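First the structure, in the form of structure tokens, and then the observations on it.
The values are calculated or read from the model by the stated rules, or taken from the named source; none is laboratory data. Computed from a prediction, not measured in an experiment: that's the story for all the values here. Cβ placement follows ideal geometry from the backbone for every residue including glycine, while neighbour counts extend to all protein chains displayed.
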Amino acid sequence: MNPSEYPEIYLDFNATCPVHPSIRDSLAGWVSSSGGNPSSPHSAGKKARDLIESARISVAQLVHAPAGNVIFTSGATESILLVFYHFLSSGLSPVKVAIPRSEHPATLSAARFIESWGAEILSVQVNPDGQMDLDHLLHILRITPGLSFVSAAAANNETGVLQDPGSLASLTHQFGVPLHIDASQWIGKLAWPALTRDQSPDFISFSGHKFGALKGVGALMILGKGNKPFSSLMPGGGQQAGLRGGTENVLGIASMGAAARLVSSGAVSVDASYRDIFETKIRKLFPDAVIHSCNVPRLPNTSLVAIPGLEAELLVLNLSRQGIAVSTGSACSTGKPDPSHVLIAMNVPLNLIGSTFRVSTGHTTTTSQINALICSLSTLNMD
Ligand code: PLP
């Protein structure tokens, strides 16, 4: 990591993963190979097309899918919106979607968008550990004839809580209901499981910058076999088979392909030991600290901690002055005074929500960085 670009101690990988050095080194080469328009038939166009097609194969491998099922987008936000729009425009009315209350704003806003066009949103409850209440989802599946789809994150960006995509797909498919999975926080931190056809989500969305690619590029995987033809929000000039038009972001896509290869080869992986060292030390330092969701399966890199009496927003600013980057939770919520809707859904008391901060580790994390963070926290004046 280049210290001039990122704080010295970067522990905010759930917000974004710094561009991998090998990707940074490849950028100039990709710029010169992508001089042509990838839709042009001449050799300059073909060079750009080759970069895209090679990335397509690598990105598809992340979720064990055929390359033909990848649509490149500007990121998970767009991928998610494309799925919601697809159901809005091709579903029998009224469209009905079930989503957990703890979803990322990218999903909540896509839901509000289709709601403004008459869709019905069914909110699935979340238990105090941050897991989707599967009994409640089952109830919704049973009592909602014509449920159009279910959308859920495989890993929550704030708590790191996991939702097994295979068992969720098996459940919704029992009712003939398609499943969209937001895998933005899973890809790059955990291997995607090998799934049978019934266990496979119908749509998967994710963003390249969460695992080392440039920002502003993502993918939507369209996997469902029995789905209606995909209705595109932006057919544009017919690129990507008209499913997502517009000249492709060749540089971003090439970087995502390279990041995908690093993830698949194990060169970029997440080591749970840093999270565990941090949590052991924080418990020792602050015996009343609350580590949210620590008793349920969660990402190996994510600690969401509340220290009673602490003002988390001030802490984040304070640590930033010392060159340490952590977060109060969702990157998209930073700077916004509203308390975390994820923690509200988990019934966490408001005072504890204001005392909650997130440490998310990644491939550049070291034990001495965790020690430095703990050392800074030990100097906190809690009076
Ligand atoms: N979904 C989840 C779970 C996320 O964590 C994020 C980013 O924070 C997104 C969706 C949106 O990703 P992007 O901003 O790259 O479109």
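Quick rundown of the values:
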item	result
Considering residues of the range 213-227 that are more than 13 Å from the ligand (Cβ to nearest atom) and buried (at least 18 other Cβ atoms within 10 Å of the Cβ) only, the residue farthest from Gly257 (Cα to Cα)	Gly224
Residues of the range 75-112 classified as within 16 Å of the ligand (Cβ to nearest atom) and under 30 Å from Leu251 (Cα atoms), total	19
Failed condition for Pro235, given (1) within 25 Å of His292 (Cβ to Cβ); (2) surrounded by fewer than 24 Cβ atoms within 10 Å (Cβ to Cβ); (3) over 12 Å from the mean Cα position of the chain (by Cα)	(1)
Leu134 over 17 Å from the mean Cα position of the chain (by Cα), away from the ligand (no atom under 16 Å from the Cβ) and in contact (Cβ under 8 Å) with a residue 40 or more places away in the chain	no
Which listed residue, of Pro145, Pro128, is out of contact with any Ser or Thr (no Cβ under 6 Å at 6 or more places or on another chain), without any contact (Cβ under 8 Å) to a residue 12 or more places away in the chain and part of a loop (DSSP other than H, G, I, E, B)	Pro145
Residue among Phe149, Phe87 that is in contact with a Pro (Cβ under 7 Å, 6 or more places away or on another chain) and farther than 25 Å from Val359 by Cα	Phe149
Cβ-Cβ under 9 Å pairs, at least 6 apart or on other chains, the range 207-232 side of a type in the set (Lys, Arg), far side at pLDDT below 95 and more than 16 Å from the ligand (Cβ to nearest atom)	Lys225/Arg197; Lys228/His86; Lys228/Ser90; Lys228/Gly91
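Residues checked against (1) farther than 19 Å from Gln239 by Cβ; (2) surrounded by fewer than 21 Cβ atoms within 10 Å (Cβ to Cβ):
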{"position": "Ile57", "(1), (2)": "no, yes"}
{"position": "His64", "(1), (2)": "yes, yes"}
{"position": "His86", "(1), (2)": "no, no"}
{"position": "Arg101", "(1), (2)": "yes, yes"}
{"position": "Ser109", "(1), (2)": "yes, yes"}
{"position": "Gln125", "(1), (2)": "yes, yes"}
{"position": "Pro145", "(1), (2)": "yes, yes"}
